[in-house]
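Novice: Please read through the structure below; I'll follow up with questions.
The values are calculated or read from the model by the stated rules, or taken from the named source; none is laboratory data. This structure is a prediction, so every number in the text was calculated from the model and none was measured. Don't worry about glycine lacking a Cβ; one is built from the backbone with ideal geometry, like all the others, and counts go over all protein chains shown.
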Amino acid sequence: MKKYILFFILFGSVIIQTVGQTISNTGPEAAGFSAEHLKRLDIAMNDWVEKGYMNGATALIIRDGKIAYHKAIGFNDLDTKAPLQKEGIFRIASQTKAITSVAIMMLFDEGKLLLTDPVSLYIPSFKKQSVMLNFNPADTSYTTVPAKREVTIKDLLTHTSGLGYAQIGSQEANAIYAKNNITAGLGVKDRTLLSAMTKLGELPLMHQPGEKFTYGLNTDVLGCLVEIISGVSLDEFFKTRIFEPLGMKDTYFNVPASKANRLVNLYTETPQGKLVKANAGMLNSPATSNYPLVPHTYYSGGAGLSSTIYDYSIFLQMLLNNGVYNNKRLLGRNTVRMMTTNQIEGIPYSGGTFGLGFGVVTDQNSGSAPAQVGTFNWGGAFATSYWVDPKEKMVYLFFRQLQARTHNEVVEKFRALTYQAIKD
């Protein structure tokens, strides 16, 4: 009898590993949280709305696959007092980067590419690149020196390639990219991703490859590589290879008309501290706040997606499960390990450490928040954030929809309020 029990225990553990834990709505106590302590989060979020720090927010906390907290607090429309809904679709901007990074690593798992591959193998304009030496802001002219080596796929994943960001980057990057019609990727029409990334490869790098961390258009290039290597658009790859297998039903580059009423209003903070709807353009671009509703075929791998907080939590739970969710494996467990460990040793980075697409908590930067070492995270320009804490088996997300804002301290307060409610 003991042999049979041992067999079922071992066999059961194999099944759990293969299937991948799915998300269930069981309440805070089952997830190891104190319902009483989670009320502090309710109080805080309502207080932030009343003080005008935000119009509203949604929060989702999942531990061991069990939903401990899932609420929307505040307003989607401050004028009509229409409440924010949990099912609202948010512009997730740079949270797109994690999905694009996973897509690249799926191709890596399939033997379609190596991280050491030079980008020029797929986009020839990245061959024999130059690096900016001097820049004249008066006329945006510059001098260059040759790059010491070629940019690799790993350089793109770690933001160490030397590429800058258009519109939200340095003075030099903003000027040079604007002059060449390179954008941050939102609201782009009548242009292909390949043509834009080909042009980007012709422009100077901001520094030598591999020598610095510079947050830039790296993941847009990765999205272009996914299209080239897979032979399908990034939109199609995401849909058929990631969203449909995982059951993500509300994540899009182009939000369909049938779901347009669920797109959350985007607010911005005026210099006087008042929240108003951000309808006049964003990120110094002509794109208006309804860009997810305007059909387009320029799929920005660095910023283009919109999603619900629950949909995105499924994607994160897959990563917490070491690459598998609901019996659908997207990545090998060692590939997830590569992505979520420090890959920029010796390269200065203000956030601490960085993996292949994620910021990562290590012993060196673990003192500022209660997150365990190994927690990986990122966020989006319009005030969406996520974290995955493998040691606590926890996924937690905090979504607002704000362009300009001054009260970003609420993000770290949200994290503290999350961890304080753990009771086991």
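Novice: Being within 19 Å of LEU330 (Cα to Cα) and under 19 Å from the mean Cα position of the chain (by Cα), is that true of even one residue in region 147-168?
Specialist: Yes, the conditions are met somewhere in region 147-168.
Novice: Within region 168-203, restricting attention to residues that are over 20 Å from SER141 (Cβ atoms) and polar (S, T, N, Q), which residue is surrounded by the fewest Cβ atoms within 10 Å (Cβ to Cβ)?
Specialist: Step by step, filter region 168-203, then rank; the result is SER195.
Novice: Note down all Cβ pairs under 9 Å where the first residue falls in region 293-315 and is free of Cβ contacts under 8 Å to residues at least 60 places away in the same chain, the second is assigned to a helix (DSSP H, G or I), and they're at least six residues apart or on different chains.
Specialist: Final answer for the pair search is LEU293/ALA257; LEU293/ALA260.
Novice: Could you run through region 234-262 and say how many residues are surrounded by 13 or more Cβ atoms within 10 Å (Cβ to Cβ) and either acidic (Asp, Glu) or touching a helix residue (DSSP H, G or I) at 6+ places or on another chain (Cβ under 6 Å) (or both)?
Specialist: 10
Novice: Still on this structure, I have one more. If you check ASP220 against the conditions, is it without any contact (Cβ under 8 Å) to a residue 40 or more places away in the chain, among the charged types (D, E, K, R) and in the same structural domain as ILE104 (by TED's automatic domain parsing)? Full working, then the answer.
Specialist: Details: without any contact (Cβ under 8 Å) to a residue 40 or more places away in the chain: no; among the charged types (D, E, K, R): yes; in the same structural domain as ILE104 (by TED's automatic domain parsing): yes.
Taking the combined requirement at face value, the residue does not satisfy it.
Novice: Right, here's the next one. Would you check which residues across region 372-424 are of a type in the set (Lys, Arg) and either in contact (Cβ under 8 Å) with a residue 40 or more places away in the chain or more than 25 Å from ASP64 (Cα to Cα) (or both) and list them?
Specialist: Listed by number, the residues that qualify are LYS393, ARG400, ARG405, LYS413, ARG415, LYS423.
Novice: Which members of region 331-356 meet the condition of being among the aromatic types (Phe, Trp, Tyr) and assigned to a loop (DSSP other than H, G, I, E, B)?
Specialist: TYR349, the sole residue that qualifies.
Novice: Here is a further query. Does GLU172 fit the bill of being over 23 Å from PRO118 (Cβ atoms) and not assigned by TED's automatic domain parsing to the domain that holds SER300?
Specialist: Working: over 23 Å from PRO118 (Cβ atoms): yes; not assigned by TED's automatic domain parsing to the domain that holds SER300: yes.
So GLU172 passes the test.
Novice: Give the residue that is farthest from ILE229 (Cα to Cα), with candidates limited to residues of region 122-147 that are among the hydrophobic types (A, V, I, L, M, F, W, C) and surrounded by fewer than 17 Cβ atoms within 10 Å (Cβ to Cβ).
Specialist: Among them, the one singled out is ALA138.
Novice: Considering (1) modelled with pLDDT of 95 or more; (2) farther than 25 Å from PHE398 by Cβ; (3) not hydroxyl-bearing (Ser, Thr, Tyr), say which one ASN76 fails and leave the rest.
Specialist: Of the numbered conditions (1) modelled with pLDDT of 95 or more; (2) farther than 25 Å from PHE398 by Cβ; (3) not hydroxyl-bearing (Ser, Thr, Tyr), the odd one out for ASN76 is (2).
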